[in-house]
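The next block holds one structure in the form of structure tokens; read it before the comments.
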Amino acid sequence: MKKLLVVFCAMFLILFISWSAKAALTTIGTASYMGGDYDLIYEDDSIYGGLVWLDFTESSNTWQNQVDWAAGLCFTEMEINLIPGYTTTIDWSTGWRLPSAGDNPQAGYDQTISEIGHLYYDSLGKSAGGPLGDTSPFENLVGGEYWLGTEWSTNHDFAWQFLLPTGRQYPLDKDEYNNYALAVRPGQVSAIPIPGAVWFLGSGLIGIVGIRRKFKK
């Protein structure tokens, strides 16, 4: 019985550590959009605080069109369904935009002051030069260039972009139409529950301890 308890404790610890390591990116629910349901993924430590990503990649277009697409989500009737246990004061009908390149953005790799750079390097754990590989919990990221919502201060005809396969960031002419887009919404999500598997295993441990004590008596 003692050996069995040790095994269960080890399994519980592994599951808990695994969950904690991925706590920065958490699927909190879904949004109905364009005839489908797309995950809402909460990043709890983005560069400006909490950030919700809509796991939907808009097809390639110019920078201004992508800016308008993201802003237009504020007027789109999306049905939001949060997973039970998550709470937020976010007004989902406002605040959607493209990811920011951050304050004083620079060209090159390892640019974690941009929101998508922080996502790529810190939250997804990718390396400069790629490969993109597994992007879970995201299911709809594609290997390609994504527009950021920040203009290049040196030349306002250019805006920042991020190459998702390799993690490189640099400015590009706004009229280029080959870049994808992601929409983000700043906000805070609270009462994040520990996954059911962890609770289930924890309950099993409590039960084993109780049975062991009963037999001892």
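The values are calculated or read from the model by the stated rules, or taken from the named source; none is laboratory data. Just so we're clear, the structure is a prediction, and the values are computed from it rather than from any experiment. Using ideal geometry, Cβ is built from the backbone for each residue, glycine included, and neighbour counts are taken over all protein chains shown.
The table below lists the values:
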| read-out | value |
| --- | --- |
| Leu163 vs. criteria of a type in the set (A, V, I, L, M) and free of Cβ contacts under 8 Å to residues at least 40 places away in the same chain | yes |
| Matching residues, region 65-89, being under 18 Å from Gly50 (Cβ atoms), among the β-branched types (Val, Ile, Thr) and not in a loop (DSSP other than H, G, I, E, B) | Ile80, Thr87, Thr88 |
| Residue in region 112-128 that is in a loop (DSSP other than H, G, I, E, B), surrounded by 20 or more Cβ atoms within 10 Å (Cβ to Cβ) and free of Cβ contacts under 8 Å to residues at least 60 places away in the same chain present | yes |
| Selection from region 54-64 of residues that are buried (at least 16 other Cβ atoms within 10 Å of the Cβ) and assigned to a helix (DSSP H, G or I) | Trp63 |
| Enumeration of residues in region 116-160 that are more than 17 Å from Thr26 (Cα to Cα) and charged (D, E, K, R) | Lys126, Glu145, Glu151, Asp157 |
| Selection count where residues are surrounded by fewer than 16 Cβ atoms within 10 Å (Cβ to Cβ) and over 14 Å from the mean Cα position of the chain (by Cα), scope region 170-188 | 4 |
| Filtered residue count, region 67-92, keeping only those that are closer than 30 Å to Ser153 by Cα and more than 17 Å from the chain's Cα centre (by Cα) | 8 |
| Residue check for Gly95: surrounded by fewer than 19 Cβ atoms within 10 Å (Cβ to Cβ) and either over 17 Å from the mean Cα position of the chain (by Cα) or outside the structural domain of Leu54 (by TED's automatic domain parsing) (or both) | no |
| Yes/no for Gly144 being out of contact with any Cys (no Cβ under 8 Å at 6 or more places or on another chain) and more than 16 Å from Glu115 (Cβ to Cβ) | yes |
| Matching residues in region 165-177 - criterion: being in contact with a helix residue (DSSP H, G or I) (Cβ under 9 Å, 6 or more places away or on another chain) and either among the aromatic types (Phe, Trp, Tyr) or under 12 Å from Ser114 (Cβ atoms) (or both) | Gly167, Gln169, Tyr177 |
| Pairs where the first residue, in region 38-53, is of a type in the set (Asp, Glu) and in a strand (DSSP E or B) and the second is at pLDDT 95 or above and crowded, with 18+ Cβ neighbours inside 10 Å, C-beta under 6 Å, 6+ apart | Asp39/Thr30; Asp39/Asp55; Glu43/Leu25; Glu43/Leu51; Glu43/Ser123 |
| Residues of region 69-92 satisfying the condition of being of a type in the set (S, T, N, Q) and buried (at least 18 other Cβ atoms within 10 Å of the Cβ) | Thr88 |
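Residue-by-condition table, conditions (1) under 17 Å from Thr57 (Cα atoms); (2) assigned to a loop (DSSP other than H, G, I, E, B):
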| residue | (1), (2) |
| --- | --- |
| Pro137 | yes, yes |
| Gly149 | yes, no |
| Asn155 | no, yes |
| Tyr170 | no, no |
